[in-house]
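*Asks:* Dropping a structure here in structure tokens format, bear with me for questions.
The values are calculated or read from the model by the stated rules, or taken from the named source; none is laboratory data. Note that this is a predicted model, so its numbers are computed, not measured. In case anyone asks, the SASA skips ligands and DNA or RNA and just uses the protein heavy atoms, side chains included. Shrake-Rupley method; radii C 1.70, N 1.55, O 1.52, S 1.80 Å.
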Amino acid sequence: MKKKIALLLTTVMAFGMLGGCGSSNADSAGTAAQSGAAESEAAGDTESQKESSIDTSGITLMKDGVLTVGVEVGYPPFEDFADDGTTPIGYDIDIATEVASRLGLEVNFINTAWDGIFAGIDTNYDCVCSAVTITDERQETMAFSTPYINNYQAVVIPTGSDLAISSFNDLDGMTVAVQKETTSDELMSDYKSTGTIDVEIVANEKVTSCFTQLTNGEVDAIVVDSTVADGYVAQNPDKYTIVYQDEKEPEQFGIAMGLKNTALKSAIDEALAQMEEDGFIKETYDYWFGSAE
């Protein structure tokens, strides 16, 4: 597949920042599939909520009429900032915005660090849509929507490197960067703790730091979600190369929410089913990750 990354200012959204940061409203001209990148308009010039064919009568929300969504901005192409430095854009942003629209709700994104993001469910936001892998362990403490994208764990090395890596075992003796408390971190920690390989793990708060370290020669490789790796390689083929992707162990991303918020899960699942059926998910995927040509 030929990968491409583009910027999109999505439909009307309010963007809240934790930790004392300000907030910003943006009104755009449409979705990726419809109009591509659009310039944000003045705050306050928002559209009215759409009528929804989905039953939302039993849903409990942090704020009436608004789906509040936790995200970690800085995980492109899932979440990133537009050129204005405040407007969130990306695949997850488009998915969550469309889900809210189909529920007849506005959307409010709350930017927070990945470390502890799940603790904010039902406290700071209704759900988390931020490249969250569905795992058995996580399902013990939170509910998940039906999956909306597939993912694999991948190894990225500098383009032109002579490292021969055809499995995670080949990372033995290397220094590997991961984002802290992600499935990539868990995977490498398991390999190390079981003595399968002797690997030095550099765990970063942000995935962007992993790629900076690889560029600077501070680490030998990165283990990261294949979807994220695709985006970085598409933008920087002269700098990064995906040398291995573990397709034997596929992962799926879902929207996470409180275990007791069953009405919200049902509504989100119905919205995602509609989006799958009418092609919105495929068109959005093709926009952010590229389509087969």
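*Asks:* Tell me which residues come under 5 Å, amide H to amide H, from Phe109 once H is placed; ignore anything under 5 positions away on its chain.
*Replies:* Here the answer is Ala14, Phe15, Gly16, Val69, since their amide H atoms fall under 5 Å of that of Phe109.
*Asks:* When the expected Rg is taken as 2.2 N^0.38 Å, what fraction or multiple of it is the alpha-carbon Rg of the stretch 154-213?
*Replies:* 1.08
*Asks:* Take the stretch 134-293, compute every pairwise Cα distance, and split them into 10 Å bins from 0; I just need the percent in each bin.
*Replies:* The calculated distribution, bin by bin, is 10, 34, 32, 19, 5, 0.
*Asks:* For Asp286, what accessible surface area do you get with a 1.4 Å probe? Give it in Å², rounded to 10.
*Replies:* Per-residue accessible area (Asp286): approximately 30 Å².
*Asks:* So what is the orientation-averaged projected area of the stretch 63-134, using the convex hull of its C-alpha atoms, in nm²?
*Replies:* Averaged projected area of the stretch 63-134's Cα convex hull equals 4.9 nm².
*Asks:* Could I ask something else about it? What part of the accessible area of the stretch 104-184, given as a whole %, is carbon or sulfur when the probe is 1.4 angstrom?
*Replies:* Percent of accessible area from carbon and sulfur atoms in the stretch 104-184: 42.
*Asks:* What aspartates and glutamates sit close enough to Lys192 to cross-link, taking a C-alpha to C-alpha distance under 18 Å and skipping anything fewer than 8 places away on the same chain?
*Replies:* Cross-link targets: Asp170, Asp172, Glu181, Glu200, Asp220, Asp246.
*Asks:* Let me ask something else about it. How many Å² of accessible area per residue for the stretch 131-253, probe 1.4 Å?
*Replies:* For the stretch 131-253, the per-residue accessible area is 45 Å².
*Asks:* If you don't mind, another one. How big is the accessible area of Thr112 in square angstrom, nearest 10, if you roll a 1.4 angstrom probe over the protein chains?
*Replies:* Accessible area of Thr112: about 30 Å².
*Asks:* Just to confirm, what accessible area per residue do you get for the stretch 65-118 at 1.4 Å probe, in whole Å²?
*Replies:* Ligands and nucleic acids excluded, the result is 22 Å² per residue.
*Asks:* Taking a temperature of 37 °C and a viscosity of 0.692 mPa s, what whole-number D in µm²/s does Stokes-Einstein yield for the stretch 224-293 with Rh from Kirkwood over alpha carbon pairs?
*Replies:* So the translational diffusion coefficient is about 222 µm²/s.
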